[in-house]
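A.B. asks: There's a structure below that I have some questions on.
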């Protein structure tokens, strides 16, 4: 089963595309899922960048753009940051998959890191720079460790970090074929402003 999950999460990278735009919010999606977000102080996740660093959330959750219900990436985040910005592990876990062969500005293939967590969820860090992964598959990383560097790979408009977490379920393996694993809602315990649901267009600082 774990092998099948890895095949799915790696294959899903071809489906992740971002234009890093401030997109129209899907209010129905927000209302239907508001209760699924936990209080920040109870979150297992930190923002995926260094303490004291601040970045704009250009595209947040539940949009009619690339973070949509249809794409099952409605709980993704796009943080605008320069190429070469250190990326930190939002949560401790084991590195499940990496890719950093591709060059910035390629408008095609993504570089990424995928980390598996003990509750069988997987976090995605996408659009990393060429040779910008500093961890290896199978390595255990602690929350806050530098795991790579942001870039400008894949389908996007401006350099940014795409981050989201999936929880595989039977939908991922419908009829023996690869499906799309749903993203899950997240809050961040060290975000300032300390919003339960991060608001796109705001600048967030990691405390």
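The values are calculated or read from the model by the stated rules, or taken from the named source; none is laboratory data. This one's a predicted model, so the numbers in the text were calculated from it and none came from an experiment. Glycine also receives a Cβ, built like all others from the backbone with ideal geometry; neighbour counts cover every protein chain displayed.
A.B. asks: Which condition from (1) modelled with pLDDT of 95 or more; (2) under 24 Å from residue 56 (Cβ atoms); (3) touching a strand residue (DSSP E or B) at 6+ places or on another chain (Cβ under 8 Å) is the one that residue 158 breaks?
C.D. replies: Just one mismatch for residue 158, condition (1).
A.B. asks: How many of the residues making up the range 68-100 are more than 16 Å from residue 113 (Cβ to Cβ) and free of Cβ contacts under 8 Å to residues at least 60 places away in the same chain?
C.D. replies: Looking only at that region, the number is 3.
A.B. asks: Now for a different question. Mind checking which residues of the range 46-72 are modelled with pLDDT under 95, touching a helix residue (DSSP H, G or I) at 6+ places or on another chain (Cβ under 8 Å) and buried (at least 21 other Cβ atoms within 10 Å of the Cβ)?
C.D. replies: Residues satisfying the conditions do not exist here.
A.B. asks: Yes or no: residue 29 surrounded by 18 or more Cβ atoms within 10 Å (Cβ to Cβ) and modelled with pLDDT of 95 or more? Before the answer, list the steps.
C.D. replies: Values: surrounded by 18 or more Cβ atoms within 10 Å (Cβ to Cβ): yes; modelled with pLDDT of 95 or more: yes.
Spelling it out, residue 29 is indeed surrounded by 18 or more Cβ atoms within 10 Å (Cβ to Cβ) and modelled with pLDDT of 95 or more.
A.B. asks: Within the range 130-150, can one find any residue that is crowded, with 21+ Cβ neighbours inside 10 Å and at pLDDT below 95?
C.D. replies: Of the residues in the range 130-150, the ones crowded, with 21+ Cβ neighbours inside 10 Å are 132-133, 147-150.
When the remaining residues are screened for being at pLDDT below 95, the result is none.
Scanning the range 130-150, I find no residue that is crowded, with 21+ Cβ neighbours inside 10 Å and at pLDDT below 95, so the answer is no.
A.B. asks: Ok, one more. Looking only at the range 161-179, how many residues end up being in contact with a strand residue (DSSP E or B) (Cβ under 9 Å, 6 or more places away or on another chain), surrounded by 15 or more Cβ atoms within 10 Å (Cβ to Cβ) and modelled with pLDDT under 95?
C.D. replies: As a first pass, look at the range 161-179 and keep what is in contact with a strand residue (DSSP E or B) (Cβ under 9 Å, 6 or more places away or on another chain): 161-168, 172.
Filter again for surrounded by 15 or more Cβ atoms within 10 Å (Cβ to Cβ), leaving 161-166, 168, 172.
Add one more test, that the residue is modelled with pLDDT under 95, and what stays is 166, 168, 172.
Going through the range 161-179 one residue at a time, the tally reaches 3.
A.B. asks: Within the range 102-125, count every residue that is without any contact (Cβ under 8 Å) to a residue 40 or more places away in the chain and part of a strand (DSSP E or B).
C.D. replies: 3
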